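The values are calculated or read from the model by the stated rules, or taken from the named source; none is laboratory data. Bear in mind the structure is a predicted one, so any value in this text is a computation, not a measurement. Cβ: placed from backbone, ideal geometry, glycine included. Neighbour counts: every protein chain shown.
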Amino acid sequence: MRMESYIPKLHLKVVYVYNAEDNNGQRERMEIQSLDLREQRCPMALLLAKRACAALEQGQRIVLYVTDAGALRDIPRYLLQHGYLVEHQHSEGTTVLNVTKL
């Protein structure tokens, strides 16, 4: 009998952010993905964060929403060790991790 583990699909949301106008009056549009991990606990939250961040190209950003204490410890540690910049913000019981692939 074959046993398979259950790994939920990634449900990334995309937000478009516009930078300030350049000298020609043009505004550059940036795409920022977000992943809501508030209902996930470690190690699943870490696994999903790894998968989402691995798909980023250099300079791309993703926003991760995390509440689990283990995930708050493990996700930033993993990402910092693997070439990502991680910034933290706290808002109403949720930690928002702004992650950029270097």
Check: Going through region 54-102 one residue at a time, which ones are closer than 24 Å to residue 31 by Cβ, surrounded by 15 or more Cβ atoms within 10 Å (Cβ to Cβ) and in contact with a Pro (Cβ under 8 Å, 6 or more places away or on another chain)?
Finding: 86, 97
Check: Looking at (1) within 11 Å of the chain's Cα centre (by Cα); (2) modelled with pLDDT under 85; (3) not hydrophobic (A, V, I, L, M, F, W, C), which is the only condition residue 21 fails?
Finding: (1)
Next item on the list: Name every residue in region 43-60 that is of a type in the set (A, V, I, L, M, F, W, C) and in a helix (DSSP H, G or I), in order of residue number.
Entry: 44, 45, 46, 47, 48, 49, 52, 53, 54
Item checked: Residues of region 72-96 satisfying the condition of being over 15 Å from residue 56 (Cα atoms) and not in a helix (DSSP H, G or I) -> 87, 88, 89, 90, 91, 92, 93, 94, 95, 96
